[in-house]
Amino acid sequence: EEESLEDKSTSDGSNPAMTTKQQQIRNFALGQRSNHSYYGAIVASVHITHHAGTAVCGAFKAAGFHSPSFACMSSGGTNPIGANQTETMIRSLLRQYDFISWEYGKSKRDSHLDQTHWENPHLVSLIVMRHPIDRSLAGDGFVNKNYGEESNRSPELWWDFANSYATNNFALQKLVGKECCDGKDTDPTFLLKAKELLSRFTFIVDQECLGDGILQVAKMLNFTQEQVQAIHHWADQSDKKYINNDKHKATARERINNDTIYEFLLERGQLDIELYEWSKTLSIVNCSEVNGKDNEM
């Protein structure tokens, strides 16, 4: 009979007094050092669309991690449900990979994220959080096709955009399920559920200082010196690609250029914004303490 990953975690000298997150980090480091990741841990990035998931994938690939070829997304495409399925999926994935990504986009599929066994000691979970209005302005083919390019968007199309799925507490809905959300009338219990879920993840990274956050994750996971240098190089390249070096970077209010619409978006996405501000208190790096960085992606 095959030994379960959970059994292995308690029979290989781990300290029962460790917190779940400490044991996840420890198992990952042990697996990497022994070159036997099957009994280590896998890093899973929960990628809400436009929350830098592709960039995070690039960072781990730069450090030499084994990941699926397309945006680090596994063929399963979504998170496992329940403790048994979580362990079975981890066991399968660890045969090939040590980093994967699960993406949640505009589809309203019910991902049941709360039902994944995030406490499994062989699963290191990571999520990047972003200010909801900045996320909505990231733009993509669907948004541009339906509401026009931001620079040429008419007032009528701006209002259509402001009432679209992209501004309806997007991240909150991805975390708690398709029953959410209803703009400014969204039930506050969804916010409580999302906070409870985020508290179960191993790492939360604030996208405002993404490079610094991923570097800190690398240090916490005991990356080798070569891997940390690769992450440094990735962060430098990301800075050159994404950071506006002008002294003044346009704010979301300035980009929208309509105070009425901007205030409407603040009210419509109030709970999503509150979730983001709360998540900053759990972020692995406090971006307000990082000097000279503004890694918005």
Exercise. In the stretch 59-89, what residues are open to solvent by 30 Å² or more (accessible area, probe 1.4 Å), in a helix (DSSP H, G or I) and out of contact with any helix residue (DSSP H, G or I) (no Cβ under 6 Å at 6 or more places or on another chain)?
Worked result: Lys61, Ala83, Asn84, Gln85, Thr88, Met89
Exercise. How many residues does the stretch 103-133 hold that are outside any loop (DSSP other than H, G, I, E, B) and surrounded by fewer than 18 Cβ atoms within 10 Å (Cβ to Cβ)?
Worked result: 2
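Search the stretch 134-167 for residues being of a type in the set (Ser, Thr, Tyr) and open to solvent by 60 Å² or more (accessible area, probe 1.4 Å), and hand back the single one that is nearest to Thr19 (Cα to Cα). Talk me through it step by step, then tell me what you get.
Taking the stretch 134-167 as the starting set, the residues that turn out to be of a type in the set (Ser, Thr, Tyr) are 136, 147, 151, 154, 164-165, 167.
If we keep only those that are open to solvent by 60 Å² or more (accessible area, probe 1.4 Å) as well, we get 151, 165.
Values: Ser151: 49, Tyr165: 38 Å.
Among those residues, the one meeting the criterion is Tyr165.
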For this session: Mind counting the residues in the stretch 135-163 that are over 25 Å from the mean Cα position of the chain (by Cα), within 19 Å of Glu263 (Cα to Cα) and part of a loop (DSSP other than H, G, I, E, B)?
Result: 2
Problem set entry | Residue among Gln32, Gln23 that is modelled with pLDDT of 85 or more, buried (at least 17 other Cβ atoms within 10 Å of the Cβ) and part of a helix (DSSP H, G or I) | Gln23
For this session: Please tell me if Asp98 is touching a residue at least 60 places away in the same chain (Cβ under 8 Å) and more than 26 Å from His66 (Cα to Cα).
Result: no
Exercise. Restricting the search to the stretch 192-208, which residues are assigned to a helix (DSSP H, G or I), open to solvent by 20 Å² or more (accessible area, probe 1.4 Å), in contact (Cβ under 8 Å) with a residue 60 or more places away in the chain and not basic (Lys, Arg)?
Worked result: Glu196
Problem set entry | Single match in Asp160, Asp140, Asp134 (criterion: free of Cβ contacts under 8 Å to residues at least 60 places away in the same chain and of a type outside the set (Lys, Arg)) | Asp160
Exercise. Within the stretch 54-74, is even one residue of a type in the set (S, T, N, Q), modelled with pLDDT of 95 or more and closer than 11 Å to Ser101 by Cα?
Worked result: no
For this session: For Gly211, work out the one condition from (1) surrounded by 12 or more Cβ atoms within 10 Å (Cβ to Cβ); (2) assigned to a helix (DSSP H, G or I); (3) at pLDDT 95 or above it doesn't fulfil.
Result: (3)
For this session: Answer yes if at least one residue in the stretch 4-15 is open to solvent by less than 60 Å² (accessible area, probe 1.4 Å), among the acidic types (Asp, Glu), modelled with pLDDT under 90 and not in a loop (DSSP other than H, G, I, E, B), and no otherwise.
Result: yes
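Residues to consider are Lys174, Lys178, Lys219; find the one that is open to solvent by 20 Å² or more (accessible area, probe 1.4 Å) and either of a type in the set (A, V, I, L, M, F, W, C) or not in a loop (DSSP other than H, G, I, E, B) (or both).
On inspection, the qualifying residue turns out to be Lys219.
The values are calculated or read from the model by the stated rules, or taken from the named source; none is laboratory data. As the structure is a prediction and not an experimental result, all values here were calculated from the model. Note: ideal-geometry Cβ built from the backbone for every residue, glycine included; neighbour counts use all protein chains shown. The accessibility values were calculated without ligands, DNA or RNA, using every heavy atom of the protein model including side chains. Shrake-Rupley method; radii C 1.70, N 1.55, O 1.52, S 1.80 Å.
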